Amino acid sequence: MRTSNEDTHGHEVMRMMVESGEAYDERSLEAAIHARFGESARFCTCSASGMTARQLIEFLAARGKFVPVSEGFSTDPTNICDH
């Protein structure tokens, strides 16, 4: 169990996206992140920390981590670095 001051890594969000098999838009992804990790959860990546769900989505989008699909976007498992 994570403590309130421990960030969840963005990889976990990307894995959630892959495992769901769903397409998202920014709003539906933010809602899914809140449902899975909680509205007060904060996220980190290899180069940033303390991000809200919205900030994480913007961060991942800016780095090309989302793949367009017919009804929005998803992510590719090869975009997830495992370190």
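A few points about this structure:
- Scanning segment 11-46 for residues that are closer than 19 Å to Ser70 by Cβ and assigned to a helix (DSSP H, G or I) yields Met17, Val18, Ser20, Glu26, Arg27, Ser28, Leu29, Ala32.
- Scanning segment 41-61 for residues that are more than 10 Å from the chain's Cα centre (by Cα), hydrophobic (A, V, I, L, M, F, W, C) and open to solvent by 40 Å² or more (accessible area, probe 1.4 Å) returns a single hit, Cys46.
- Residues in segment 20-35 that are aliphatic (A, V, I, L, M) and either open to solvent by less than 50 Å² (accessible area, probe 1.4 Å) or touching a residue at least 60 places away in the same chain (Cβ under 8 Å) (or both): Ala23, Leu29, Ala32, Ile33.
- The listed residue being in contact with an Asp or Glu (Cβ under 8 Å, 6 or more places away or on another chain) and either surrounded by fewer than 17 Cβ atoms within 10 Å (Cβ to Cβ) or more than 14 Å from Met17 (Cα to Cα) (or both), out of Gly64, Gly72, Gly38: Gly72
The values are calculated or read from the model by the stated rules, or taken from the named source; none is laboratory data. Treat the numbers as computed from the prediction; the structure is a model and nothing was measured. Positions of Cβ are generated from backbone atoms using ideal geometry, with glycine treated the same way; all protein chains shown enter the neighbour counts. Note: accessible area is taken over every heavy atom of the protein model, side chains too, but ligands, DNA and RNA are not part of it. Shrake-Rupley method; radii C 1.70, N 1.55, O 1.52, S 1.80 Å.
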